[in-house]
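These notes are about the structure you will find just below.
The values are calculated or read from the model by the stated rules, or taken from the named source; none is laboratory data. Computed from a predicted structure; not experimentally measured. Neighbour counts run over all protein chains shown; Cβ positions are idealised from the backbone, glycine included.
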Amino acid sequence: MSCIFCEIIKGNIPSNKVYEDEDVCAFLDIMPISYGHTLVIPKEHYANIEDIPEKILSKLILGVKKVGKAVKDGLGAPGYNVCENNDPVAGQIVPHIHFHVVPRKHNDGLHSWPQGKYGDGDAEEIAGKIKNQI
Ligand code: AMP
Ligand code: ZN
């Protein structure tokens, strides 16, 4: 099965690369949320955060850290969002794990998700369900 990000790594699909090392590659998102929106990916194909071995995930997150600093210093962004859409229901379209680094500006009009409240006893129940799996 062909993967668009594997093709980018092989150089078969053009991209604007900003960083590359032995395990990690970073390039501009083709449809940026903001200028400088960068995707940081492992060179080996893994679908999501559960699949990727811890050693490579560690290198990947260090790549995110490098890109984040470069976005701040290079573009003068006062901050940025780091996001990984994990699985299609969470908005993952490309099944090759990638972290989005999205440069932010003050009053840029990008709003975060709406937040809610737990009903009585729900937080304890939900926390228990998660805790039991770790
Ligand atoms: P996600 O929804 O988290 O899977 O994000 C996939 C991202 O890949 C989207 O933001 C797309 O704009 C981006 N994308 C898709 N094709 C390309 C490409 N050829 N070069 C750069 N970014 C791409
Ligand atoms: Zn791939």
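Structure notes:
- Entry remark, the stretch 108-128: residues being under 23 Å from GLU84 (Cα atoms) and surrounded by fewer than 10 Cβ atoms within 10 Å (Cβ to Cβ) number 7 in total.
- Qualifying positions in the stretch 1-59 - among the β-branched types (Val, Ile, Thr), within 16 Å of ligand 2 (Cβ to nearest atom) and within 13 Å of the chain's Cα centre (by Cα): VAL24, VAL40, ILE41, ILE49
- Cβ-Cβ contacts under 6 Å between residues 6 or more apart (or on different chains), taken from a first residue in the stretch 48-71 that is within 11 Å of PHE99 (Cα to Cα) and assigned to a helix (DSSP H, G or I) to a second residue that is aromatic (Phe, Trp, Tyr) and modelled with pLDDT under 95, are absent.
- Residue-level check: of (1) surrounded by 15 or more Cβ atoms within 10 Å (Cβ to Cβ); (2) without any contact (Cβ under 8 Å) to a residue 24 or more places away in the chain, LYS43 misses just (2).
- Residue match in the stretch 18-30 (condition: farther than 24 Å from VAL71 by Cβ, without any contact (Cβ under 8 Å) to a residue 24 or more places away in the chain and not in a loop (DSSP other than H, G, I, E, B)): no
- Filter pass, ILE33 being surrounded by 14 or more Cβ atoms within 10 Å (Cβ to Cβ), part of a helix (DSSP H, G or I), touching a strand residue (DSSP E or B) at 6+ places or on another chain (Cβ under 9 Å) and of a type in the set (A, V, I, L, M): no
- Verdict on VAL82 being away from ligand 2 (no atom under 16 Å from the Cβ) and either surrounded by 14 or more Cβ atoms within 10 Å (Cβ to Cβ) or assigned to a strand (DSSP E or B) (or both): yes
- If you go through the stretch 1-17 and keep only what is in contact (Cβ under 8 Å) with a residue 60 or more places away in the chain, within 11 Å of ligand 1 (Cβ to nearest atom) and not β-branched (Val, Ile, Thr), you end up with CYS3, PHE5.
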